[in-house]
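Data block below; observations after.
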Amino acid sequence: MIAWNYSDTKLCGLLPELAQDANKYTRGKVSLVAGCSRYPGAAALAALASQRMGAGYTEVICAQKSVDTVRAVSPSLVVRSWKNLSPSDFPPMRAGHPSAYVLGPGFDASNGSCKKLAFTVLESACAPLVVDGGALAFLAAKKGRNLVRERFESGLDTVVTPHAGEAARLAAPFGFPTDDAGELARLISLAYGVTALVKGPKSFISDGEIVAVMGEGTPALAKAGTGDVLAGMIGALLAQGLASFDACVLAATLHARAGRLAASELTERCVVAEDLPRYLPLVIREFEALRDRMGEQELGARYSTHG
Ligand SMILES: NC(=O)C1=CN([C@@H]2O[C@H](COP(=O)(O)OP(=O)(O)OC[C@H]3O[C@@H](n4cnc5c(N)ncnc54)[C@H](O)[C@@H]3O)[C@@H](O)[C@H]2O)[C@@H](O)CC1
Ligand SMILES: Nc1ncnc2c1ncn2[C@@H]1O[C@H](COP(=O)(O)OP(=O)(O)O)[C@@H](O)[C@H]1O
């Protein structure tokens with residue numbers, strides 16, 4: 001196992017470039033299948049985070065009863081019901097229309113409709129996919145394990161983002177020990193054919209070989225809904241073309257720093273999940289400034305070599 005910490009210079013280089021001639025589709029579309037009637041808030045949080053993380057088009061496909069609630073959160077979200085959702089609602093990826101799916105924030109693991117829907121998405125989504133929240137329980141079931149393996153064999157990337165309780169569910173069918181979160185991330189990655197981000201006070205990201213550690217979080221993040229925000233951020237980076245491992249490391253770091261910045265103004269006690277998408281642009285601005293400075297230095301070095 002190689003433990004890997006990314007430097008800021010590497011991380012800021014991962015931020016997707018914004019083309020001058022971009023349109024909302026070329027910037028990446030995120031489809032969130034999220035938010036049962038019990039948890040519409042989770043879908044809204046993930047969707048706001050996707051927008052702030054740069055996706056050009058964020059769509060929420062949620063329970064009929066959640067539609068009005070999610071719509072009311074932001075007029076720029078495209079929101080529709082998942083009633084009658086079928087495999088034909090998942091078109092193949094088109095050139096110039098990069099996309100990604102996020103499945104499971106605000107899913108109820110004991111709800112049969114959520115289960116059916118999760119299997120439909122696993123079977124039909126022809127794009128990178130983040131599986132989070134209540135959908136992780138369905139991934140651990142035999143059918144879910146088979147479907148995610150089929151995605152792997154077809155070359156489709158899948159990311160799972162369990163907290164410790166959800167990671168234990170994913171570990172159970174294989175009898176993996178759960179006391180070492182880094183090793184657990186690696187084992188889950190190998191067993192399911194996914195990139196695994198095991199969340200906690202420190203988060204561990206693994207592609208089955210490398211394990212990256214992200215230890216910049218704050219207990220301010222230990223509040224309901226912050227994981228939903230992270231799932232939306234990863235989905236947005238995947239839709240903008242980042243590789244799964246890079247998307248996880250970059251999103252987890254930006255998420256932690258947004259939490260720290262929010263806590264510095266609002267106190268660790270008072271930060272809530274919806275503050276994170278509001279503070280994210282300030283953290284991204286710092287990364288963009290660092291990237292600009294690095295670009296200038298590189299240019300300067302090139303001139304001095306030639307001069
Ligand atoms: N505003 C909303 O609508 C929110 C909806 N949420 C959704 O609620 C659904 C259920 O998620 P939950 O995580 O609450 O419930 P789960 O039942 O999936 O997991 C909680 C169980 O895991 C155990 N556990 C062990 N380690 C844990 C850890 N590090 N963090 C949390 N639990 C740990 C807990 O003791 C508990 O028994 C998910 O679909 C999630 O997306 C939550 O994200 C909270 C906010
Ligand atoms: N004590 C802590 N220190 C740092 N980060 C934390 C701490 N507790 C939780 N987090 C972070 O907060 C997020 C919580 O996610 P999750 O448990 O899925 O919440 P939810 O399901 O309510 O959205 C994760 O990104 C996790 O790494």
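The values are calculated or read from the model by the stated rules, or taken from the named source; none is laboratory data. Since this is a predicted model, take the numbers as computed values, not measurements. In this analysis, Cβ positions are derived from the backbone assuming ideal geometry, glycine residues included, and neighbour counts consider all displayed protein chains. SASA here: full protein model, heavy atoms, side chains in, ligands and nucleic acids out. Shrake-Rupley method; radii C 1.70, N 1.55, O 1.52, S 1.80 Å.
Miscellaneous remarks
- With both labels modelled 7 Å from their Cα along Cα-to-Cβ, the V78 to R149 distance reads 3.5 nm.
- Positive dipole terminus of the chain, leading residue within V283, F119, T178 (C-beta point charges): F119
- Taking 1.567 mPa s as the viscosity and 4 °C as the temperature, the Stokes-Einstein diffusion coefficient of region 63-183 based on its alpha-carbon Kirkwood radius rounds to 83 µm²/s.
- Alpha-carbon centroids, region 176-245 and region 40-111: separation in whole Å: 21
- Per residue, the average separation of C-alpha pairs within less than 8 Å and at least 6 apart gives the chain a relative contact order of 20 percent.
- In the context of the full set of protein chains, region 189-296 has a per residue accessible area of 38 Å² (1.4 Å probe).
- Fraction of accessible area attributable to carbon and sulfur, the chain (%, probe 1.4 Å): 52
- Helical runs (DSSP H, four residues minimum) scored at -39500 (n - 2.57) apiece and divided by the length of the chain put the mean residue ellipticity at 222 nm at -15500 deg cm²/dmol.
- Radius of gyration and maximum dimension Dmax of region 88-144, Cα, Å: 11.8, 38
- Kirkwood Rh in Å, taken over region 188-307 so that all alpha-carbon pairs contribute: 15.7
- Low-density loop cleavage sites - trypsin sites (Lys or Arg not before Pro) in region 2-84, where at most 13 other Cβ are within 10 Å (DSSP): K24, K83
- Largest accessible area first, the listed residues T253, T178 line up as T178, T253 when surface is computed with a 1.4 Å probe on the assembled protein chains.
- Overall, the chain carries a charge dipole of about 820 debye about its Cα centre when +1 sits on the Cβ of Lys and Arg and -1 on the Cβ of Asp and Glu, all other atoms neutral.
- Along its principal axes, region 1-53 has C-alpha extents of 42, 40, 17 angstrom, given from the largest down.
- Rg/Rh (Cα only; Kirkwood hydrodynamic radius) as it applies to region 20-306: 0.98
- DSSP-assigned coil residues among trypsin sites (Lys or Arg not before Pro) in region 194-257, each with at most 15 further Cβ atoms within 10 Å: K202
- Per residue, the average separation of C-alpha pairs within less than 8 Å and at least 6 apart gives region 59-144 a relative contact order of 28 percent.
- Of the complete DSSP H runs in the chain, those spanning 30 angstrom or more by Cα along the long axis with a mean Kyte-Doolittle score not below -0.5 are 244-266.
- Kirkwood-type hydrodynamic radius, region 19-106: 13.1 Å, calculated from all non-identical alpha-carbon pairs.
- Charge sum, other residues only, whose C-beta stays under 10 Å from D275's C-beta, Lys/Arg counted +1 and Asp/Glu -1: 0
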